[in-house]
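Colleague: Just dropping this structure here.
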Amino acid sequence: MDAKAIAGTCSEILAAVETVIVGKHRAAQLALACALCGGHLLVEDIPGVGKTMLARALGRALGCTYKRIQFTPDLLPADVTGTSIFNQKTAEFEFHPGPVFANIVLADEINRATPKTQSSLLECMSEMQVTVDGVAHPLPEPFLVMATENPIEYHGTYPLPEAQLDRFLMRISMGYPRPAEEVAILDRQMQEHPISRLEPVVDCTRVLALQREIREVHLEQAVKAYLVEVVGATREHPLIALGASPRGSLGLLRAAQAIAAMAGRDYVLPDDIKQMAGPVLAHRLILKPEARAKRLAPGAVISEILEGVTVPVA
């Protein structure tokens, strides 16, 4: 793999996305890393901070097809995956694909749909296919689900169960822009939205090639052992009722490979694991009641774990 070429391409993609998403370099970086890992992203934040626009901008910059699904209480699984319709001319049922058949799918306000509809994404996210009437239909590659939810308003929502949260490689938030950044947003949108001028930097073929190259990023055995020890500590921490699964370990490995490649390296450092531990592991943890009583966040517990695990020395 050519680490410098990968880093250069990633920088170009990020620069394109940041012509639309102002002042959110970390969020854009994590979203791109998620796409390059072949994972899925949950963006949890209040309305109006750019969650939907991040998905649109990333889709355009990657040269991928993009579709948006508005999740509502009356949305049915077939509205997401598609359905078979009887063709009177051929006297056969024909499958009509749903909006999930795209490279980047925005599941907007995913927690507003019923659990049955939410679960229609499980097979898509884990097996890259949709099964209707016993027939499996492969999804296009690359495939990325970006889901959004509002962490403040809970009326009329259905919280995602742990099994579905675990399917997301990362959970991130956007946050409010700084005053200078908000002025820049106003300036850029005085005449038209900058998304209308955003051109693709790569195409789907190049994205798939990047995904393959990133899997070649090397991890020393000591770094792998460090990663496993960090994840294992989430299962033994006195304030955590449920720690991260082996899927969390694999997700952390992939995320560390991606962030290392984006930095122009063909090897992973312990700092890469530290940097990605929060976004990859926090949403997989269930804290004990005493931790919630102290208003501790999973991210704070992960920071404590990282401080307590010995970093390998080269």
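Colleague: Looking only at the stretch 7-19, how many residues end up being in a loop (DSSP other than H, G, I, E, B) and either at pLDDT 95 or above or of a type in the set (D, E, K, R) (or both)?
Modeller: Adding up the residues that qualify gives 1.
Colleague: Cβ-Cβ below 7 Å, separation at least six or inter-chain, first residue in the stretch 288-310 and in the same structural domain as Gly232 (by TED's automatic domain parsing), second at pLDDT below 90 and outside any helix (DSSP H, G or I): which pairs?
Modeller: Filtered contacts from the stretch 288-310: no entries.
Colleague: Could you pull out the residue among Val228, Val183 that is assigned by TED's automatic domain parsing to the domain that holds Ala256, part of a helix (DSSP H, G or I), out of contact with any Asp or Glu (no Cβ under 6 Å at 6 or more places or on another chain) and not acidic (Asp, Glu)?
Modeller: So the residue among Val228, Val183 that is assigned by TED's automatic domain parsing to the domain that holds Ala256, part of a helix (DSSP H, G or I), out of contact with any Asp or Glu (no Cβ under 6 Å at 6 or more places or on another chain) and not acidic (Asp, Glu) is Val228.
Colleague: If you don't mind, another one. Is there a residue in the stretch 266-286 that is exposed (fewer than 15 other Cβ atoms within 10 Å of the Cβ) and not in a helix (DSSP H, G or I)?
Modeller: Yes, some residue in the stretch 266-286 is exposed (fewer than 15 other Cβ atoms within 10 Å of the Cβ) and not in a helix (DSSP H, G or I).
Colleague: Separate question: Filter the stretch 20-48 down to residues that are assigned to a loop (DSSP other than H, G, I, E, B), of a type in the set (A, V, I, L, M, F, W, C) and within 11 Å of Met174 (Cα to Cα) and give me whichever is modelled with the lowest pLDDT.
Modeller: Per the criteria, the residue is Ile46.
Colleague: For the stretch 40-99, how many residues are among the polar types (S, T, N, Q) and under 18 Å from Thr148 (Cα atoms)?
Modeller: Residues flagged as among the polar types (S, T, N, Q) and under 18 Å from Thr148 (Cα atoms) within the stretch 40-99 amount to 3.
Colleague: Among the numbered criteria (1) buried (at least 18 other Cβ atoms within 10 Å of the Cβ); (2) touching a residue at least 40 places away in the same chain (Cβ under 8 Å), which single criterion is violated by Gly98?
Modeller: In the conditions (1) buried (at least 18 other Cβ atoms within 10 Å of the Cβ); (2) touching a residue at least 40 places away in the same chain (Cβ under 8 Å), Gly98 misses (2) alone.
Colleague: Tell me which of these Val135 doesn't satisfy, since it passes every other one: (1) touching a residue at least 24 places away in the same chain (Cβ under 8 Å); (2) surrounded by 15 or more Cβ atoms within 10 Å (Cβ to Cβ).
Modeller: (2)
Colleague: Could I ask something else about it? Could you grab me the full set of residues in the stretch 93-124 that are part of a loop (DSSP other than H, G, I, E, B), under 15 Å from Pro161 (Cα atoms) and small (Gly, Ala, Ser)?
Modeller: Once the filter is applied, which keeps residues that are part of a loop (DSSP other than H, G, I, E, B), under 15 Å from Pro161 (Cα atoms) and small (Gly, Ala, Ser), the stretch 93-124 yields Ala113, Ser119.
The values are calculated or read from the model by the stated rules, or taken from the named source; none is laboratory data. All figures in this text were calculated on a predicted structure; none of them were measured in a lab. Positions of Cβ are generated from backbone atoms using ideal geometry, with glycine treated the same way; all protein chains shown enter the neighbour counts.
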